[in-house]
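This report refers to the structure that appears directly beneath it.
The values are calculated or read from the model by the stated rules, or taken from the named source; none is laboratory data. Quick caveat: nothing in here was measured; it's all calculated off a predicted structure. Methodologically, a virtual Cβ is constructed for each residue, glycine included, from the backbone with ideal geometry; neighbour enumeration extends over all protein chains shown.
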Amino acid sequence: MSAGPLATPLLKSDTVRFAHASERQFARLLDFYQIGWEYEPTSFDIGWDRDGNVVQRFTPDFYLVEFDLYIEITTLNQKLVTKKNRKVRRLRERYPEIRCKVFYQRDYLSLVTKYGLEDASG
């Protein structure tokens, strides 16, 4: 039996296990606009101990394939925002060729409101 005309197509955002609902909502927005994305595809080494062992990595939330751009969603408290900003700064220092944009809570909430995603829980 066919799914029929009222069947909702399965979106990529419906098949990925996200750490936070805000990431799922952002992925739904990307899906809506048919922007290709990958979720946490790459971890970058950004801190080493005296022996050269990696002691800190940074894994941005999204990679937008067609824009060659990493996105880090930050909707947390200010202390954690400061920590993420530090990680992005280290990423830029170590890998200047990597483009990474931090999406702050105000940016995120603006999009959620603009596109009616307030009720899109995950």
The residue that is modelled with the highest pLDDT, considering only those in the range 107-117 that are touching a helix residue (DSSP H, G or I) at 6+ places or on another chain (Cβ under 9 Å) and either charged (D, E, K, R) or outside any loop (DSSP other than H, G, I, E, B) (or both), is LEU111
Residue under evaluation ARG90, criteria (1) in contact (Cβ under 8 Å) with a residue 40 or more places away in the chain; (2) assigned to a loop (DSSP other than H, G, I, E, B), criterion not met:
(2)
Pairs where the first residue, in the range 24-35, is surrounded by 17 or more Cβ atoms within 10 Å (Cβ to Cβ) and the second is charged (D, E, K, R), C-beta under 8 Å, 6+ apart
PHE26/ASP61; ALA27/LYS12
The range 94-106 - residue that is in a helix (DSSP H, G or I) and of a type in the set (Lys, Arg) and, of those, modelled with the highest pLDDT:
ARG94
Checking ALA19 against (1) surrounded by fewer than 13 Cβ atoms within 10 Å (Cβ to Cβ); (2) modelled with pLDDT under 80; (3) under 23 Å from LEU111 (Cα atoms), the condition it does not meet:
(2)
Taking the range 70-83 on its own, how many of its residues are in contact with a strand residue (DSSP E or B) (Cβ under 6 Å, 6 or more places away or on another chain) and not hydroxyl-bearing (Ser, Thr, Tyr)?
3
If a residue must be among the hydrophobic types (A, V, I, L, M, F, W, C), exposed (fewer than 13 other Cβ atoms within 10 Å of the Cβ) and modelled with pLDDT under 95, how many such residues does the range 37-93 contain?
2
